[in-house]
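Have a look at the structure below, then the notes.
The values are calculated or read from the model by the stated rules, or taken from the named source; none is laboratory data. The structure presented is a predicted model; accordingly, all values stated were derived computationally and were not measured. Note that we place each Cβ from the backbone using ideal geometry, even for glycine, and neighbour counts take in every protein chain shown.
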Ligand SMILES: *Cc1c(COP(=O)(O)O)cnc(C)c1O
């Protein structure tokens, strides 16, 4: 993409790409929600996307998000929402529960318990929507509940037991699953990862009560495949904001 393109133009292109992928898969484009991943980018980048109608943003680090969220507090009234998409340490659970509207990256029973406690203690009337991050690809570097192959994994029974416990925690609202595909060129491997997450979700929805609608999968490089395999939330950074410098 040319450097002179604007955030608004790139956002429009990503939205078109999402719509086209959904239609190709026989899905309704409105079933797929775009999370604009603004990590490492300044509040002005978020403002530019907001001005172009984007309301949901993803961040992966509490400290960075906290400052940005505070600077954009006024836009909350206009519908601005923040999603946590990165690994969360238990000692930051309270802060995360206060800052975010949806946490994609719940990766252990203990983290879910910490979030539950924080939400209940802070505000007995609120519930925090969460997704469970699952490593279905088996890549050692990936965070998440370790369940290589998804429903075919020998760890399925133990996972189900933990999910049942999480589903029973007060203050939390389980909404579905999240995964990150391996960074490989082989499209069949990437597609297989997304499919495994969807089949796992379908299995959970059959076994456990609750709302399992969300499948958070797909990034700048693999969002078409993710949408074809059922993604309801795609997390797109680079294609909207350009490359990141750390
Ligand atoms: C950074 C990040 C993204 C966005 O990645 P891009 O390739 O820039 O679109 C999506 N999901 C997670 C979990 C991330 O950390």
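Structure values in brief
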read-out	value
Where a residue in segment 39-56 is farther than 12 Å from residue 80 by Cα and its partner, wherever it lies, is surrounded by fewer than 16 Cβ atoms within 10 Å (Cβ to Cβ), with Cβ under 6 Å and at least six apart	40/244; 43/71; 52/8
Residue 30 being in contact with a strand residue (DSSP E or B) (Cβ under 6 Å, 6 or more places away or on another chain) and within 27 Å of residue 72 (Cβ to Cβ)	no
Some residue of segment 203-220 being within 16 Å of the ligand (Cβ to nearest atom), more than 16 Å from the chain's Cα centre (by Cα), assigned to a loop (DSSP other than H, G, I, E, B) and modelled with pLDDT under 95	no
